Amino acid sequence: MADAIDKNGRRVNIGTKVRLICLSGQWLDDLPADEKKNILSLIGEIFEVEEIDEYGHPWVRKSWPNDEEGACRSHSIALDPDEMELVENTL
């Protein structure tokens, strides 16, 4: 498995917190407008890395509950190093 790193070359592990700083890729342009709006709303938020795939891409997820409809939408996305930065723990 490849190592996962952030935009500054710092190692990212499962459980690490990262700030999503941008999104890129053709997949984003191919989304329906409402999904794209939700995905773009992730930029600037902090997420905990849930898994790291065999290519070294950390995966993060967000859910959007819709209480009115009794439904929930969620998206998991794999991040490239230039799309995230490690968030230091401040205790």
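In the range 56-77, the residue that is modelled with the lowest pLDDT out of those that are surrounded by fewer than 17 Cβ atoms within 10 Å (Cβ to Cβ) and within 18 Å of residue 10 (Cβ to Cβ) is 56. Look at the range 65-86: where a residue is closer than 19 Å to residue 25 by Cα and a partner is of a type in the set (Val, Ile, Thr) and part of a loop (DSSP other than H, G, I, E, B), sitting 6+ places away or on another chain with Cβ atoms under 7 Å, you get 83/21; 84/21; 85/21. From the set of residues in the range 18-41 that are loosely packed, with under 14 Cβ neighbours inside 10 Å and under 15 Å from residue 81 (Cα atoms), which is modelled with the lowest pLDDT? Taking the candidates together, the pick is 25. Would you mind stating whether residue 38 is of a type outside the set (D, E, K, R) and in contact with a His (Cβ under 8 Å, 6 or more places away or on another chain)? Yes: the conditions hold for residue 38. Just one residue in the set 15, 44 is loosely packed, with under 13 Cβ neighbours inside 10 Å, within 18 Å of residue 3 (Cα to Cα) and among the small types (Gly, Ala, Ser); that residue is 15.
Any idea which residue in the range 5-36 is nearest to residue 64 (Cα to Cα), counting only those that are aliphatic (A, V, I, L, M) and touching a residue at least 60 places away in the same chain (Cβ under 8 Å)? Within the range 5-36, the match that is nearest to residue 64 (Cα to Cα) is 20.
The values are calculated or read from the model by the stated rules, or taken from the named source; none is laboratory data. Because the structure is predicted, anything quoted here is derived from the model rather than measured. Positions of Cβ are backbone-derived with ideal geometry, glycine not excepted, and every protein chain shown enters the neighbour counts.
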